[in-house]
Amino acid sequence: MINKPLVSIGVPIFNEEKNIAKCLENILKQTYNNIEVIISDNCSTDNTIKICEAYRKKDKRIKIFKFSKNLGQGKNFYNVLKKAKGDFFMFQSADDWRSSNFIKENLDYLVKNKDYIGSSGIAIFNNKEKNDKQYLSLKETSHKNTLNFFKMKWYSHSIVYGLFVKKKIIKFLDFFKSDNYLAKDWVFNLLIINLGSFNFNNKTRIKFGSGLSVKKNAIKLQRSKFFYLNFVEIFVPIAQALIDLVKLRHCFSTKSKIYIIVNLIKLSLTINFINIKRALF
């Protein structure tokens, strides 16, 4: 690669003193070095910022932005994407790990394949790789991509945490302003795979910490007051996801819209069934 485009890495954090050092070490050990690391701190109350500042003194590629009060997870994601100056962008959670070749291999692919919107690695959950064939098939028609997505829905974090062509996703910047909700990452992932082809590079790996999309964690968090924002969401846990999909309906074909809505309603019913079962037994 003759020209080395700038890659922006957005790290939204809150009280991550146990993870942030390992996270930054992992980023700085990437074999591709033309990067900027954008840290957005959501008013942490522990030693997270002190650790980040120590790393910034050693490496000027690290930039730190701090909120004076906690504005919610959504605005933290919004902030790192808004501050990004690179032509390519990726989110990084403090408790995730990537193979050292992650940026280089995925960047090489995107530079050579201009029609692709993003590229990621094979996901690792609980030390087990999820490398089924459907992981390599999100390069069909938008509706076929949607069908394939729902085969891998519980393990789809490697899409939202992939490497993106920034100009192709910046149009959805405002999507991150709202706070987090159940299946928000699914909505973003569905947007991505309906905008263009998405690559899974089997030369790279991304290992996830405690994510919302792992089935048991999603259901556990849905039962907490975090997701019970209003009366409707008690009975329809994915209400906000459906609302956002209606707002973004122009991004999907008619067939895809019907299929997505049906599958999200199935998810809602599944979660409520499990919650009722647990309450009774």
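Computed quantities for the displayed model
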| read-out | value |
| --- | --- |
| Single residue of segment 185-220 satisfying the filter (modelled with pLDDT of 75 or more and basic (Lys, Arg)) that is farthest from GLY74 (Cα to Cα) | LYS203 |
| Which numbered condition ASP95 misses (of (1) under 20 Å from GLY209 (Cα atoms); (2) at pLDDT below 95; (3) part of a helix (DSSP H, G or I)) | (3) |
| All positions within segment 23-77 that are in contact (Cβ under 8 Å) with a residue 40 or more places away in the chain and polar (S, T, N, Q) | ASN26, GLN30, THR31, SER40, ASN70, GLN73, ASN76 |
| Test: SER158 is polar (S, T, N, Q) and within 22 Å of ARG249 (Cβ to Cβ) | no |
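Conditions (1) more than 13 Å from GLY10 (Cβ to Cβ); (2) in the same structural domain as LEU191 (by TED's automatic domain parsing), marked per residue:
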position: ILE35; (1), (2): no, no
position: SER44; (1), (2): yes, no
position: CYS52; (1), (2): yes, no
position: PHE65; (1), (2): no, no
position: LEU71; (1), (2): yes, no
position: PHE77; (1), (2): no, no
position: LYS85; (1), (2): no, no
position: GLY121; (1), (2): yes, yes
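The values are calculated or read from the model by the stated rules, or taken from the named source; none is laboratory data. Values in this document were obtained by computation on a predicted structure and should not be read as measured data. Using ideal geometry, Cβ is built from the backbone for each residue, glycine included, and neighbour counts are taken over all protein chains shown.
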